[in-house]
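Encoded as structure tokens, the structure appears first; notes follow it.
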Amino acid sequence: MSKDSKDNNEKLSICDVFKEDTSEVIKKLESQTPLLFQNYSNLYTAYLHMWDDLFGTCYISEKEFFDKLNIDQSILKQIKSNSETIKKVYLENIEKNTKILDDYTKMRISAIKSFDNYVHVMMESYAKYLSEFNKSKN
């Protein structure tokens, strides 16, 4: 007996149909997740490198011009000090935002796990109710 004819003779359950099909779709989505994250990571890395290259190109193009202006060293030192302060703030914000996103993700995972546990408890109660309902019908 072929698998198809066996499948045709099996009694179908709506729960089995939905569970199997839903699980297959979820597993497919899950299998694509690493690729999606890697592609986004590659895209963002390329974006950041583009900006780094842009500033590098500007540096090469503008260095000779600005060097010939002979800007006062005290002004340049103040600009450097201001730039260091701004850079420090940006670096701290990057760290803070990374921590916030990490904590936020962990909180959401915890919420999903809590909901999953709740659903299991509720489904156990629901199964008991259905069992009692079926007993009362017999």
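The values are calculated or read from the model by the stated rules, or taken from the named source; none is laboratory data. Worth saying up front: this structure is predicted, and the values here are computed from it rather than measured. Positions of Cβ are backbone-derived with ideal geometry, glycine not excepted, and every protein chain shown enters the neighbour counts.
Brief remarks on what is shown
- Residue among Ile75, Ile112 that is within 23 Å of Cys15 (Cα to Cα) and modelled with pLDDT of 95 or more: Ile112
- Any chance Leu36 is within 17 Å of the chain's Cα centre (by Cα), part of a helix (DSSP H, G or I) and surrounded by 10 or more Cβ atoms within 10 Å (Cβ to Cβ): yes
- Hey, Lys63 assigned by TED's automatic domain parsing to the domain that holds Cys15, surrounded by 10 or more Cβ atoms within 10 Å (Cβ to Cβ), without any contact (Cβ under 8 Å) to a residue 60 or more places away in the chain and assigned to a helix (DSSP H, G or I) or not: yes
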